[in-house]
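For reference, the structure discussed in these notes is given below.
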Amino acid sequence: MATRLWSFLTADIYDLVALEGAKGTVDAADAVLGLAEVFAEEGPNLQKLAPLVNQLDSLLAALNSPLGKLVGSTLPFLPIGPGLLKVYLEITQKELTLAQSVALISQAAYLESFREFVKQHPKVEQWLAAKDGTPQAKTITLEMKALGIFELSDQDARLAALHFQQSSLATAFNNALRARLVQLGIDDLKMANRIVEVIAKKTNRHMKTAIADAKSCLNLRLE
């Protein structure tokens, strides 16, 4: 069964958000950083996590926020994926599908890989930080909007878990990030392609780490 990347999660915690009364709104980068902070400092605190989850269309929506702020944080993004899986399991008391599990894990792993790449290339980090105050910094691309309706099948989820860079999920994520880099003014499309290819390839390692963590409480069948 195919699943969208995020809506299954927000649908099941909507009532919790309403009960707790989410206050105010934040941009996607702040929401993702907020999730990372809660998991790092408190673990699966439902009351604090739910309002943040409800303000996102996906974790990768943070790529359409000021990127200098996003990559400048030292908070780890990778634990967000397994953490949200555990929260979902606690809320619903039902096992997630493989596609749902990979949808959440892959988004956090891709963000971690993106931040890792930027930190390893100071000139890229400086360039992104310089773009934070520009009008383009908060403009949403069509490729990012497409992630909101992207559907992941169990078959492609299995491929993404084993060989992420070969999957349609990697293609969708890469398209969104490439479009963002072009929108911000990168003038070398070949360089943009190389960047997203490296990030997708290195996402494999983070996926394996996150899946190993998630297996402690979830049944992820990859065979």
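Just so it is clear, none of the values below were taken in a lab; they were calculated from the coordinates. Keep in mind that what you see is a predicted model, and the values were worked out from it rather than measured. Virtual Cβ from ideal backbone geometry, glycine too; neighbours counted across all protein chains shown.
Protection proxy ranking of 169-176, 109-116, 2-9, by the mean of other Cβ atoms within 10 Å over each peptide's residues and highest first, is 109-116, 169-176, 2-9. Here segment 3-214 is assigned +1 on the Cβ of each Lys and Arg and -1 on the Cβ of each Asp and Glu. Its dipole about the Cα centre then comes out at about 660 debye. Near the amide H of Leu152, within less than 5 Å, lie the amide hydrogens of Thr3, Arg4, all on another chain or at least 5 residues away, with H placed in the peptide plane. Given (1) 124; (2) 110; (3) 151 as candidate values of volume of the Cα convex hull per residue in Å³, which corresponds to the one derived from the coordinates? Answer by label: (2).
Helix 122-131 and the longest principal axis of the C-alpha atoms of the chain enclose an angle of approximately 90°.
Dividing the mean sequence gap of close Cα pairs (under 8 Å, 6+ apart) by how many residues the chain holds gives a relative contact order of 26 percent.
Phi angles of segment 70-78 translate, via the Karplus equation with coefficients 6.51, -1.76, 1.60 and θ = phi - 60°, into HN-Hα couplings of 5, 7, x, 6, 9, 5, x, 8, 4 Hz per residue; Gly and Pro are given as x. Only one residue of Gly81, Ser167, Ala36 has its Cα farthest out toward the positive end of the dipole of the chain, where Lys and Arg carry +1 and Asp and Glu -1 on Cβ, and that residue is Ser167.
Treating only the Cβ of Lys, Arg, Asp and Glu as charged (+1, +1, -1, -1), what charge dipole size does segment 109-223 show about its Cα centre? Round to the nearest 20 debye. Walk me through the numbers on the way to the answer.
On the way: 17 positive and 13 negative charges, 46 e Å.
Around 220 debye, computed over segment 109-223.
Per residue, the convex hull spanned by the Cα atoms of segment 141-221 measures out at 93 cubic angstrom.
For a quick check: sort Thr10, Thr74, Thr203, Thr134 by the number of other beta carbons within 10 angstrom, fewest at the front. Could you put the intermediate results ahead of the total?
Numbers: Thr10 17, Thr74 8, Thr203 29, Thr134 12.
Going from least to most buried by this count: Thr74, Thr134, Thr10, Thr203.
If we count other beta carbons within 10 Å of each Cβ, what is the order of Ile91, Ile80, fewest first? Walk me through the numbers on the way to the answer.
Numbers: Ile91 16, Ile80 27.
Arranged by neighbour count, lowest to highest, Ile91, Ile80 become Ile91, Ile80.
The helix-based estimate of mean residue ellipticity at 222 nm for the chain, built from -39,500 (n - 2.57) per DSSP H run of four or more residues and divided by its residue count, is -21000 deg cm²/dmol to the nearest 500.
Could you list Met191, Met144, Met207 so that the one with the fewest beta carbons within 10 Å of its beta carbon is first and the one with the most is last? Kindly include the intermediate steps, with their values, before the conclusion.
Numbers: Met191 12, Met144 22, Met207 25.
Neighbour counts put them in this order, fewest first: Met191, Met144, Met207.
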